[in-house]
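The values are calculated or read from the model by the stated rules, or taken from the named source; none is laboratory data. This is a predicted model, so every value here is computed, not measured. All Cβ positions, glycine included, derive from the backbone under ideal geometry; neighbour counts span all protein chains shown.
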Amino acid sequence: MTITGRTVPAAVFGPQTAAGAAHALVLAPVTPRWDGGAFFTPVTRALTEAGLRVTVVDTLSAWDEQIDSLAALAARWRELLGRYGPVDLLCGNALGGAVAQALLPDLAPHTAALLVSGPARSDAVLEARLTEIAELAATGRSGEALALLGRRVQPHDRSVPPGAGAPEPHDPQAGRRLAGGMRMLCGIDLTEAVRAHPGPLLQIVGGHSQLVGHRHTAAAGHHRVHVITGAGMRPHFERAAEVSALVGTFLREKGLST
């Protein structure tokens, strides 16, 4: 899809023309390059098996250096949402989850939200860890930034040793994406927007995450935050069966599965 001269990479999974199929739009996390939606594979599989049509987009493809905050990135995506048609379920992972929560006030009241390690707010610890990665990426050390990110997404009791493996050579495009994306997650607080959303919401986080954990979430009384015991920043890969079961139950309870 081309938007204002910029191509927004997207991947579509599941029934594309089935009448009545609910539509899930997924916003990607910060990745060094577009991975075709691989980052969300276990959840995408659960969604398509439930009969949903799933569109996965590269959140950072709508970003440029003129955008220096999550609010500004969300504003750009707010302009783009209509191009994807009706959205019954808005999903997001990490940065994509934060953008999704910022967009909740713009959705129809009944729209469901599914978030995986998507922060609603940051704190000093999270911001320090994100900034450390961003600074490496911004100063010509994207390989080191990726290596540090790789350690941080592990559960805190199973971190990869700092010296394990040589970092990849610097990739300017990867460095740009990592630096810009990580910085936009600093200083955010979407609590009010999340708690005001009348629709259903499921947030999934890892209990041993070194980055986004339970303290970074927000929810109203009718929303649910589920902590995956022992998991890190990627519970949908570390505990794929458990997360898939949670997603399936959520979809059935909210009438989104066929």
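In the range 78-99, is there at least one residue being among the aromatic types (Phe, Trp, Tyr) and either modelled with pLDDT of 95 or more or in a strand (DSSP E or B) (or both)? Looking for residues that are among the aromatic types (Phe, Trp, Tyr) and either modelled with pLDDT of 95 or more or in a strand (DSSP E or B) (or both), one finds none in the range 78-99, hence no.
Suppose the filter is touching a residue at least 60 places away in the same chain (Cβ under 8 Å) and surrounded by 15 or more Cβ atoms within 10 Å (Cβ to Cβ); does Ala74 pass it?
In short, no.
Considering only residues in the range 175-194 that are in contact with a strand residue (DSSP E or B) (Cβ under 9 Å, 6 or more places away or on another chain) and in a loop (DSSP other than H, G, I, E, B), the one that is surrounded by the most Cβ atoms within 10 Å (Cβ to Cβ) turns out to be Leu190.
Looking only at residues in the range 119-174 that are among the basic types (Lys, Arg) and in a loop (DSSP other than H, G, I, E, B), the one that is modelled with the lowest pLDDT is Arg158.
Only a single criterion out of (1) among the aliphatic types (A, V, I, L, M); (2) under 20 Å from Phe40 (Cβ atoms); (3) in contact with a strand residue (DSSP E or B) (Cβ under 9 Å, 6 or more places away or on another chain) is not satisfied by Ala241, namely (3).
Does the range 23-38 contain at least one residue that is within 30 Å of Ser142 (Cβ to Cβ) and part of a helix (DSSP H, G or I)?
Yes.
Answer yes or no: is there a residue in the range 15-28 that is more than 12 Å from Leu89 (Cα to Cα), in contact with a helix residue (DSSP H, G or I) (Cβ under 6 Å, 6 or more places away or on another chain) and modelled with pLDDT of 95 or more. Scanning the range 15-28 turns up at least one residue that is more than 12 Å from Leu89 (Cα to Cα), in contact with a helix residue (DSSP H, G or I) (Cβ under 6 Å, 6 or more places away or on another chain) and modelled with pLDDT of 95 or more.
Return a yes/no flag: does the range 152-166 have any residue that is on the phi < 0 side of the Ramachandran plot and touching a Cys at 6+ places or on another chain (Cβ under 6 Å).
no
Against the criterion of being under 17 Å from the mean Cα position of the chain (by Cα) and closer than 22 Å to Val225 by Cα, Arg45 qualifies. Among the residues in the range 195-214, are any part of a helix (DSSP H, G or I), among the charged types (D, E, K, R) and in the same structural domain as Phe237 (by TED's automatic domain parsing)? Yes, the range 195-214 contains a residue that is part of a helix (DSSP H, G or I), among the charged types (D, E, K, R) and in the same structural domain as Phe237 (by TED's automatic domain parsing).
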